[in-house]
Amino acid sequence: MYRFLPNIQMRAYPVEQYPARTKKAAAVMHMIMNNLDPLVAQFPQELVTYGGNGQVFSNWAQFWLVMHYLSVMTEEQTLVLYSGHPLGLFPSDQRSPRVIITNGMVIPNYSSKANYDDMFAMGVTMYGQMTAGSYCYIGPQGIVHGTTLTVLNAGRKYLHLESLAGRVFLTSGLGGMSGAQAKAAVICGCIGVVAEVSEEALKKRHKQGWLEEYTDDLGVLIRRIREARAKKEVTSIGYLGNVVDVWERLVREYEATGELLVELGSDQTSCHNPFSGGYCPAQLTFHQAEEMLAKNPDKFRSLVEESLRRHVSAINKLAEAGMFFWDYGNAFLLEARRAGADVGAADGDAIKFRYPSYVQDIMGDIFSLGFGPFRWVCASGDSQDLQKTDEIACAVLQAICDEGIPERIQKQYSDNIRWIRQAGQHKLVVGSQARILYSDQVGRVKIAQAFNEAVRTGKLKGPVVISRDHHDVSGTDSPFRETSNVYDGSAFTADMAVQNFVGDAFRGATWVALHNGGGVGWGEVMNGGFGLLLDGTEDAHYRATLMLNWDVSNGVARRAWSGNENAEATITRSMALDRRLQVTVPHHADPSLVARALDQC
């Protein structure tokens, strides 16, 4: 299929340049080509956007067929894709989505990694990650923002600090989405230490200006950490080598001096795919690991498991000394437990871990308030349009704050106003003219309406595509990540993600996607996503209002029913704003009454 590799510059062209009969189809083409832009994609020739195996399509023949169908489709047709395969154009109407995408929809009994490898080899299924297979990836900016919010809120929760000056955040990964960590650490005002085994990935981030400095010498790294801590520098320090070596060296420093040189820790390797290159064992260099993976995968697997046990052992020793570690939703703790590492919860619960998922401890409360990653792309490709949308979004959020909102919601708005005001300065755009911020239902709807009005009046030169990461309040059912703080027993169900996909489709999305897998691995998660074109019409205004209200309230309602207080308060406010919304809310039993009833059983 490499015969069909396009001999064109792959990038997001202004939407008017695409040979399409409808702007909605042209917008999808714009987003597809952005996902495959070499500046954006991790392995563009393999059609892999991020995460090691998150693909846009399975092969280049599919790319050409899809682009052809999009170029000829009308507003009375819908393109249907089965795991990258374009089934074809089917009659529909203007109210229907223009594209319906499903990836990896495998019968549950056969949704295993081994079965996936066989089916992928046959070309009958595909791993779309989250925003790769739904054409909504905007480069590492999305994860920069998410990481920024996570680290800021980790500082508040674990260290009880609003300022992280002089504090060290240690993690690993500078390729793909994890490449955002160094930039996020600087935005947060701390000292980010990021280990990376690939020299190419590390130097790429340094050249982009996302990583400020690096070394391949552990001794030099330790000296720089001490120096930066003493001066309270704001910097990002890359280490060309394995993060396990860094963790173990920090243990030795602590044992020798009593000095704890790290306060916060996590990991962003592609641990959802540990035995196929997502995690490099500490015993091997990057190139040795590639060679062994090809020649002796069984030995490679054994070394990965041994490395994970070493990795966790070092983390445990520093955590006992006062360092705070969390799982970043990349299946690190899950795979470490499978490898025999000591990550079990103290109470012996087989599902819980010794360390929390960042959703459980940090982002879960934010999701339950209805906040999540709202994204937009200026389809004109004009940077001035992006600057104007930044200003519009900031003004909308500020106006909501000025109306008076609860303090816990106010704090989230304040973080995002701060982010959007500084976004242009941090040069976050890679590929399409895109932006992200976290907002709740009210904010998302009002921002979308304001963008659509700006298109209608000509303030913006072209239409705007809105979407989100699937990593959100409603889009994803993932028991070890997005829904890890759902404690009513429903964490392993996937009704929410499927309902999200279906509900977005008939409420006006331009395209919708449903995936098996994403972030934490095949068979571990279901997630749904969407794209919606704002072209300045009354129809776009109506679609955005109807769909975005559902897209958020669906997940908030589910979380409220599970007993989450933040979600219950949020959905109650939403019902007060729209009398058509009537949600089943839980009746909270008197704990003493429950206890007495159980005693009598």
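Extension gain for ARG21-GLU565 works out to 191.0 nm (0.36 nm per residue, less the C-alpha to C-alpha distance). The radius of gyration of the Cα set in the chain, together with its Dmax, comes out at 23.4, 75 angstrom.
Could you tell me which of PRO586, TRP376, SER553 has its Cα farthest along the dipole of the chain towards the positive end, charges placed at Cβ (Lys, Arg +1; Asp, Glu -1), taken about the Cα centre? So the residue we want is TRP376.
Count charges around PHE43 for me, please; just the other residues with Cβ under 14 Å from its Cβ, Lys/Arg as +1, Asp/Glu as -1.
Details: positive: LYS204; negative: ASP37, GLU46, GLU200, GLU290.
Local charge sum for PHE43: -3.
For the chain, carbon and sulfur atoms together expose 52% of the accessible surface, with a 1.4 angstrom probe and every protein chain in place. By the helix-only formula, in which each DSSP H run with n ≥ 4 contributes -39500 (n - 2.57) and the sum is divided by residues, the chain has a 222 nm mean residue ellipticity of -13500 deg cm²/dmol. Applying the Karplus relation 6.51 cos²θ - 1.76 cosθ + 1.60 with θ = phi - 60° to the range 142-158 yields 3J(HN,Hα) values of x, 7, 4, 5, x, 5, 4, 5, 5, 5, 4, 6, 5, x, 5, 6, 8 Hz, where x marks Gly and Pro.
Note on LYS295: aspartates and glutamates with a C-alpha under 20 Å away, same-chain residues under 8 apart excluded, are ASP117, ASP118, GLU305, GLU306.
Spin-label model, ALA399/SER592: points 7 Å from Cα along the beta carbon direction are separated by 5.0 nm.
Can you give the Rg/Rh ratio of the range 462-601, where Rg is from the C-alpha atoms and Rh is the Kirkwood radius? Kindly include the intermediate steps, with their values, before the conclusion.
Values: Rg = 17.5 Å, Rh = 16.4 Å.
Checking Rg against Rh, the ratio lands at 1.06.
Taking the Cα centre of the chain as reference, the dipole from Cβ charges on Lys and Arg (+1) and Asp and Glu (-1) amounts to some 960 debye.
Treating r as the C-beta distance of LEU546 and ASN7 and R0 as 56 Å, the FRET efficiency rounds to 0.85. Using the average count of surrounding beta-carbon atoms within 10 Å as a protection proxy, the listed peptides 317-327, 148-158, 460-470, 5-15 rank, highest first, as 460-470, 148-158, 317-327, 5-15. For the peptides 239-245, 116-122, 527-533, 439-445, the ranking by packing is 527-533, 439-445, 239-245, 116-122, with the highest mean count of neighbouring Cβ atoms within 10 Å listed first.
Rounded to 0.05, the FRET efficiency of the GLU46 and GLU259 pair, given R0 = 60 Å and the Cβ-Cβ distance, is 0.85. Stretching GLU199 away from VAL220 to a fully extended chain increases their span by 5.8 nm, per 0.36 nm per residue minus the current alpha-carbon distance.
If I stretch the segment between GLN387 and ARG421 completely, what's the gain in nm (0.36 nm per residue apart, minus their alpha carbon distance), one decimal? Working shown, then result.
Values: separation 34, 0.36 × 34 = 12.24 nm, distance 1.01 nm.
Net length gain for the segment: 11.2 nm.
Starting from the Cα gyration tensor of the range 339-385, take the square roots of the eigenvalues, sort them a ≥ b ≥ c, and report rounded, prolate or oblate (rounded when a/c is under 1.5, otherwise prolate if a/b is larger than b/c, else oblate). Before the final figure, lay out the partial values.
On the way: a/c = 5.82, a/b = 2.77, b/c = 2.10.
Note, shape of the range 339-385 comes out prolate.
Stokes-Einstein diffusion for the range 1-64, with the hydrodynamic radius set to the Kirkwood value over Cα pairs and evaluated at 20 °C in a medium of 1.002 mPa s, equals 177 µm²/s.
What is the local net charge at ASP93, summed over the other residues whose Cβ is closer than 9 Å to its Cβ (Lys, Arg +1; Asp, Glu -1)? Could the numbers behind the result be given before it?
Working: positive: ARG95; negative: GLU75, GLU76.
Counting the neighbours of ASP93, the net charge comes to -1.
Residues in the chain average 40 Å² of solvent-accessible surface per residue, probe 1.4 Å, ligands and nucleic acids excluded.
Centre-to-centre, using Cα atoms only, the range 40-65 and the range 303-377 are separated by 29 Å. Between beta-carbons, use under 15 Å as the cut-off and find the net charge around THR510, counting Lys and Arg +1, Asp and Glu -1. Value of the local net charge: +2. Residues in the range 313-320 carry Karplus couplings, in order, of 4, 5, 4, 4, 5, 6, 5, 5 Hz; the curve used is 6.51 cos²θ - 1.76 cosθ + 1.60 with θ = phi - 60°, and Gly or Pro positions show x.
Translational diffusion coefficient, Stokes-Einstein: compute it for the range 452-531 using the Kirkwood radius over C-alpha pairs as Rh, at 10 °C and 1.306 mPa s, and state it as an integer in µm² s⁻¹.
Numbers: Rh = 13.8 Å.
Result for D is 115 µm²/s.
Measuring between their Cα centroids, the range 9-39 and the range 445-474 lie 17 Å from each other.
By DSSP, what percent of the beta bridges with both residues in the chain are antiparallel, rounded to the nearest 5? Write down the numbers at each step before the final one.
Values: 33 of 62 bridges.
For the chain, the DSSP antiparallel bridge percentage is about 55.
Since only LEU161, CYS136, TYR110 are under comparison, the one whose Cα sits farthest along the positive direction of the charge dipole of the range 109-186, derived from C-beta charges on Lys, Arg, Asp and Glu, is LEU161. Can you flag which of LYS204/LYS317; LYS203/LYS231; LYS232/LYS388; LYS411/LYS446; LYS183/LYS459; LYS427/LYS461 are past 23 Å Cα-Cα? Checking Cα-Cα distances, LYS204/LYS317; LYS203/LYS231; LYS232/LYS388; LYS183/LYS459 exceed 23 Å. For LYS113, the aspartates and glutamates whose Cα comes closer than 16 Å to its Cα, not counting residues fewer than 8 places off in the same chain, are ASP298, GLU335, GLU524.
The values are calculated or read from the model by the stated rules, or taken from the named source; none is laboratory data. The structure presented is a predicted model; accordingly, all values stated were derived computationally and were not measured. Cβ: placed from backbone, ideal geometry, glycine included. Neighbour counts: every protein chain shown. Protein only, heavy atoms only, side chains kept; ligands, DNA and RNA dropped before computing areas. Shrake-Rupley method; radii C 1.70, N 1.55, O 1.52, S 1.80 Å.
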